[in-house]
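**Q** Have a look at this one.
The values are calculated or read from the model by the stated rules, or taken from the named source; none is laboratory data. Quantities reported herein were computed from a predicted structural model and do not represent experimental measurements. When we count neighbours, we look across all protein chains shown, and the Cβ atoms used for this are built from the backbone with ideal geometry, even at glycine. Accessible surface areas use protein heavy atoms only, side chains included; no ligands, DNA or RNA. Shrake-Rupley method; radii C 1.70, N 1.55, O 1.52, S 1.80 Å.
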Amino acid sequence: MNTRTGLWIDQSRAVIVTLNGVLEHVRSVSSGVAGQPRRGSDTPMRARFDAHHIPADSTRGRAHASELRAYFDRVLTALPGAGSLLLMGPGHAKTELRKHLQAVGWAGRVVGMEPADKMSDRQVAAVVREYFHLREPRGVSYRPWYTSASASRMSSSSFR
């Protein structure tokens, strides 16, 4: 498969860059997942603040993990049938996604994992283009539509 895909992922959004020959497609998926589950006062005002009146930390952690799995599933449905997949991101979301890919059976498509800071969509596309361009087979070389001999004939004929 000729499709190469780069995926920058964070817990708040994912940017998917698809390269297929000379075509490039960039799309974004928003997560809607809160950052980290925090222990706050979910109780109404003037109510008791006892341990049995607020949800346990393990319950919050399970709910957060469930939201992340749903987000990863949305990202996987947005991915094309990627032949090779590059994972990038600033935090642990890329490693969690890789575990999710192993569970789904897509682990063989991951060709690399790169740490990457916050980037715009254009910056992600540039990194993906550079990553896959450096790993192309060297047997394919660029051939211009003209040769140096035809270029000299074109320039000499235009001066007559």
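**Q** Between a residue in segment 1-27 that is of a type in the set (A, V, I, L, M) and part of a loop (DSSP other than H, G, I, E, B) and any residue that is open to solvent by less than 70 Å² (accessible area, probe 1.4 Å) and modelled with pLDDT under 95, which pairs come within a Cβ distance under 6 Å, given they are 6 or more apart or on different chains?
**A** Here the result reads M1/G83, each pair linking segment 1-27 to a residue that is open to solvent by less than 70 Å² (accessible area, probe 1.4 Å) and modelled with pLDDT under 95.
**Q** Name the residues in segment 99-112 that are open to solvent by 60 Å² or more (accessible area, probe 1.4 Å) and touching a strand residue (DSSP E or B) at 6+ places or on another chain (Cβ under 6 Å), would you?
**A** Matches in segment 99-112: R109, V111.
Residue-by-condition table, conditions (1) polar (S, T, N, Q); (2) at pLDDT 85 or above; (3) over 15 Å from V17 (Cβ atoms):
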{"site": "S58", "(1), (2), (3)": "yes, no, yes"}
{"site": "S66", "(1), (2), (3)": "yes, no, yes"}
{"site": "Y71", "(1), (2), (3)": "no, yes, yes"}
{"site": "V75", "(1), (2), (3)": "no, yes, no"}
{"site": "P80", "(1), (2), (3)": "no, no, no"}
{"site": "H92", "(1), (2), (3)": "no, yes, yes"}
{"site": "V104", "(1), (2), (3)": "no, yes, yes"}
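**Q** Please state which of the following conditions L85 fails to meet, knowing it meets all the rest: (1) at pLDDT below 85; (2) in a strand (DSSP E or B).
**A** Going through the list (1) at pLDDT below 85; (2) in a strand (DSSP E or B), L85 breaks only (1).
**Q** If G105 satisfies every condition in (1) over 18 Å from N2 (Cβ atoms); (2) in contact (Cβ under 8 Å) with a residue 40 or more places away in the chain; (3) out of contact with any helix residue (DSSP H, G or I) (no Cβ under 7 Å at 6 or more places or on another chain) but one, which is the exception?
**A** Every condition holds for G105 apart from (2).
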